[in-house]
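The values are calculated or read from the model by the stated rules, or taken from the named source; none is laboratory data. In this text, all values refer to a predicted model and were calculated from it rather than measured experimentally. Reconstructed Cβ throughout: ideal geometry from the backbone, glycine too, with neighbour counts over all protein chains shown.
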Amino acid sequence: MNVLLVSPEFPDTFWSFKHAIKFIRKKASLPPLGLLTVAAMLPEEWNKRLVDLNAQNLKGEDLEWADIAMIGCMTVQRESAARVIKRCRDAGLKIVAGGPLFSSEHEHFPDVDHFVLDEAEETLPVFLSDLERGCPQPIYRAEKYPEVTETPIPLWELVDLSRYASMSIQYSRGCPYDCEFCDVTVLFGHRPRTKTSAQITAELAALRDHGWRGRIFFVDDNLIGNKRRLREDLLPTLIEWRKRHGSAAFYTEATINLADDPVLMASMVEAGFDTVFVGIETPAEESLVECSKKQNTRRDLVEDVKKIQRAGMQVQAGFIVGFDNDEPSIFRRQIEFIQRSGIVTAMVGILQAPYGTKLYERLKREERLLGEFKGDNEGTTNFIPKMDVDTLREGYRSILAHIYAPEHFYRRARTFLREYRPRTRTPLSFENALAGIRAFYELGIRSRGRGHYWGLIFWTLFRRPVLLPVAITIAVDGYHCRKISELYIL
């Protein structure tokens, strides 16, 4: 059996970092971890080929070689997934699909032969058994959330690691919180299920054996969902790993209450974490209450961000406008918060209602739904907002125009660098040097904000010289975000 695994293309969004990774000559930010893990669950005797459309093209010879195509993707990859399905169908291939997009809306894809939905540990073995017996069913759904202690090591040999800016590892699935707009708990439940330290060590070793020495993203939606396991199991494992194998750099996602635990933050930094993405969403308390983001309420969010920065981790963050309780003043408040906090990479979007969430069900009852959930930040929404829609769109654009204007972006970068207290010095790697050279030309010569860029560079050289590689990296990330913002502002 020749199986072709295809990862559809991501559109140009904040999360793609498409314009930033060009500085280090990479094709994509991250490999398709889900498909690589699924590949490891397939029969060993099958011939496997993976095509990631974010890093390579799907060729006619790939389709001719295959007996079956397996497609896995997220909602934001919908348009590319539809094109892939058509090509596979035209080539006469049987099509198997899974992942968050199809788990939420499989009925929108009639040309798929078999849907293996939810988590593959639960549904893929049943599909493979039926396929072997010659009676595969159209749809496979899970009856429970599986444990991840038997999840195999991804088949890294299926991808060219040199094409990617980072690698990825998943430690846990699930989140204990219940944010109205979030589909994480719909897909993975409220109980964080974790891998063992032995699994993580084996995955790190596999990446190392394949020659990887760069950054690694722990893709958990909330790494601190199970603090006890994190504190007692994962972090000690990573600390020991770094002692044996040198400085490894990790980044992840977590909730803002990480700031309440200085001991945990110190352990994360010692383990190698230098960046964390946090869902701030909004400085408006009434909107946080509205969306049940209780972990963000009754606290000084700016000070919390600075606590994490001072602990030695950069904070990247997501922000949302378009809540029912948002007033027109929210756009100014968002700008002020982002600038004061020194959150350099601020990903701002208009609220959307993902399928299956409490927000989606509420808006359905209120007959306010419009169109499909796209899963990106393109400045639109899939429901009728309480705020005038033109006011919402113009306010959204005003945020992006302000925070990524060179004057304001580079001022915010200095705010961050004043607070940031890394525990180890960032080594000057080949990729750091390459990014610096490209930044010199692209940001220091060609960019309309070149004066502000040089202001940041010279400020860093005189005030925080050890942070020069960090300053260059955040300038490059800001270039990407500015490019994305321009798409939404026009």
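Residue-by-condition table, conditions (1) surrounded by fewer than 19 Cβ atoms within 10 Å (Cβ to Cβ); (2) within 22 Å of the chain's Cα centre (by Cα); (3) at pLDDT 95 or above:
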site	(1), (2), (3)
205	yes, no, yes
208	yes, no, yes
218	no, yes, yes
225	no, yes, yes
228	yes, no, yes
236	yes, no, yes
247	yes, no, no
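Checking each residue in the range 112-129 for being loosely packed, with under 14 Cβ neighbours inside 10 Å and free of Cβ contacts under 8 Å to residues at least 40 places away in the same chain picks out only 129. The residues on offer are 150, 105, 132, and the sole one that is part of a helix (DSSP H, G or I) and either basic (Lys, Arg) or in contact (Cβ under 8 Å) with a residue 24 or more places away in the chain (or both) is 105.
Being within 30 Å of residue 100 (Cβ to Cβ) and surrounded by 14 or more Cβ atoms within 10 Å (Cβ to Cβ) is true for just one of 457, 474, 384. Which residue is that?
From the options 457, 474, 384, the qualifying one is 474.
Of all the listed residues (400, 370, 351, 392), the sole one being modelled with pLDDT of 95 or more and either surrounded by fewer than 17 Cβ atoms within 10 Å (Cβ to Cβ) or farther than 18 Å from residue 280 by Cα (or both) is 392.
Criterion applied to 22, 27, 18 was being surrounded by fewer than 19 Cβ atoms within 10 Å (Cβ to Cβ) and touching a strand residue (DSSP E or B) at 6+ places or on another chain (Cβ under 9 Å), and the one residue passing it is 27.
Just one of the numbered conditions (1) out of contact with any Lys or Arg (no Cβ under 8 Å at 6 or more places or on another chain); (2) of a type outside the set (D, E, K, R); (3) closer than 30 Å to residue 27 by Cα is not true of residue 343: (1).
Within the range 401-413, residues that are part of a helix (DSSP H, G or I) have Cβ atoms under 8 Å from residues that are among the polar types (S, T, N, Q) and at pLDDT 95 or above in these pairs: 403/339; 408/339; 411/339; 412/339, counting only partners at least 6 apart in sequence or on another chain. Taken as a whole, the structure leaves residue 10 outside the set of residues that are aromatic (Phe, Trp, Tyr), assigned to a helix (DSSP H, G or I) and surrounded by 18 or more Cβ atoms within 10 Å (Cβ to Cβ). Only residues that are out of contact with any strand residue (DSSP E or B) (no Cβ under 6 Å at 6 or more places or on another chain) and either farther than 30 Å from residue 438 by Cβ or among the polar types (S, T, N, Q) (or both) were counted across the range 30-61, and they come to 12. Within the range 414-468, the set of residues being part of a loop (DSSP other than H, G, I, E, B) and under 20 Å from residue 344 (Cα atoms) comprises 420, 421, 422, 423, 425, 426, 447, 448, 449, 464. Given the criteria of a type in the set (Lys, Arg), in contact (Cβ under 8 Å) with a residue 12 or more places away in the chain and in contact with a Gly (Cβ under 7 Å, 6 or more places away or on another chain), does residue 215 qualify? Taking the combined requirement at face value, the residue does not satisfy it.
Residue count for the range 108-129 satisfying the condition of being in a loop (DSSP other than H, G, I, E, B) and either in the same structural domain as residue 185 (by TED's automatic domain parsing) or farther than 26 Å from residue 192 by Cα (or both): 5.
For residues in the range 293-312 being part of a loop (DSSP other than H, G, I, E, B) and under 22 Å from the mean Cα position of the chain (by Cα), which is surrounded by the fewest Cβ atoms within 10 Å (Cβ to Cβ)? Only one residue fits best here, namely 312.
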